[in-house]
1. Report, in deg cm²/dmol and to the nearest 500, the calculated mean residue ellipticity at 222 nm for the chain, where each DSSP H run with n ≥ 4 adds -39500 (n - 2.57) and the sum is divided by the residue count.
2. Find, among the GluC sites (Glu not before Pro) in the stretch 180-249, those assigned to loop by DSSP (not H, G, I, E, B) with at most 16 other beta-carbon atoms within 10 angstrom.
3. Just for the stretch 132-273, what percent of DSSP beta bridges are antiparallel, to the closest 5?
4. Could you grab the relative contact order for the chain? Cα pairs under 8 Å, six or more apart, rounded to a whole percent.
5. Enumerate the calculated ³J(HN,Hα) couplings along the stretch 122-135 in order (Karplus 6.51 cos²θ - 1.76 cosθ + 1.60, θ = phi - 60°), each rounded to whole Hz, writing x wherever the residue is Gly or Pro.
6. What are the ³J(HN,Hα) couplings of the stretch 73-86, residue after residue, when phi is run through the Karplus curve with 6.51, -1.76, 1.60 and θ = phi - 60°? Round to Hz, x for glycine and proline.
7. Taking only protein heavy atoms into account and a 1.4 Å probe, give the accessible area per residue of the chain in Å².
8. What shape does the stretch 53-93 have by the C-alpha gyration tensor, where a ≥ b ≥ c are the square roots of the eigenvalues, rounded means a/c under 1.5, and otherwise prolate means a/b greater than b/c and oblate the rest?
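The values are calculated or read from the model by the stated rules, or taken from the named source; none is laboratory data. Keep in mind it's a predicted model, so treat the numbers as computed, not measured. Positions of Cβ are backbone-derived with ideal geometry, glycine not excepted, and every protein chain shown enters the neighbour counts. Just so you know, the surface numbers come from the protein's heavy atoms only, side chains and all, with ligands and any DNA or RNA stripped out. Shrake-Rupley method; radii C 1.70, N 1.55, O 1.52, S 1.80 Å.
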Amino acid sequence: MPSLRGKTIFITGASRGIGKAIALRAAAEGANIVVAAKTTEPHRSLPGTIHTAAAEIEAAGGRAFPCGVDIRFQDQIRAAVDGAIARFGAIDILVNNASAIHLTSTLETPMKRFDLMHQVNARGTFACSQACLPHLLKADNPHILNLCPPLQMRPEWFAPHLAYTMAKLGMSLCVLGMAQEFRTAGVAVNALWPRTVIATAAVQNLLGGDATIRGSRSPQIVADAAHVILSRPSRDHTGQFFIDEEVLRTVGVTDFNKYATVPGADLIADLFV
């Protein structure tokens with residue numbers, strides 16, 4: 001499989017969780033990572049900052065460029081993109097990982113939370129893609145990878161948390177539309193989603209705590225699947241909605257026990273699968 005050595009990867013939300021895991025996996029091959037995330041100072045309840053993530057990336061063998069970016073604001077995105085070009089000379093891959101979640105019913109969703117989820121998930125993904133695409137169009141094997149679910153219009157996924165589902169599937173619609181729009185230009189645009197719940201700070205703090213963590217897999221499974229997708233020829237693999245486990249099976253992985261947070265525990269299926 002081709003290496004990501006020397007590739008510049010712009011990853012939103014890369015200070016922790018799945019975004020950082022994807023960054024570290026690519027850094028192990030010598031990639032350049034733009035750590036585009038909000039946390040510039042230690043958070044009272046969330047681990048990691050752009051600076052601690054950058055240190056881990058460089059220790060893993062990559063080069064890091066930490067950027068304080070709130071993807072709700074276009075000027076911050078543009079500044080990070082310009083800084084990445086000044087630092088590394090190119091952007092080869094964009095990973096739209098940053099996301100906001102609030103799993104509440106229609107009557108229990110404050111409009112400020114509705115706005116936050118749409119600004120970060122759908123709008124942020126669109127804005128980051130728009131800012132990076134002029135540079136991706138110049139790359140040899142350009143990819144956009146959105147961490148978002150399969151695009152399924154199933155009412156059981158909308159009814160319990162309509163606002164979140166709308167915002168998250170906005171990211172999926174970006175895959176559907178941009179993959180077709182940039183197909184002839186050779187920019188791959190794909191989605192990746194986990195089969196099971198992933199052990200992240202959001203799960204720990206918002207989605208059930210230790211009991212849910214026990215039935216989760218580590219972010220490494222998503223990182224390994226992302227590596228497979230981002231190493232493929234962009235012109236041959238676009239417009240797909242991938243599931244992490246299925247991607248890894250295509251490269252011969254059959255034992256997923258190493259990814260379990262608690263080996264032998266019953267795994268919890270993620271939303272939308």
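1. Theoretical 222 nm ellipticity from helices: -12000 deg cm²/dmol.
2. Hits after loop and neighbour filter: nothing returned.
3. In the stretch 132-273, DSSP labels about 20 percent of beta bridges as antiparallel.
4. 18
5. 6, 5, x, 4, 4, 5, 5, 5, 4, 6, 8, 4, x, 8
6. These are the phi-based 3J(HN,Hα) values: 10, 4, 5, 5, 5, 4, 5, 5, 5, 4, x, 5, 5, 5 Hz.
7. Dividing the accessible area of the chain by its residue count gives 44 Å².
8. oblate
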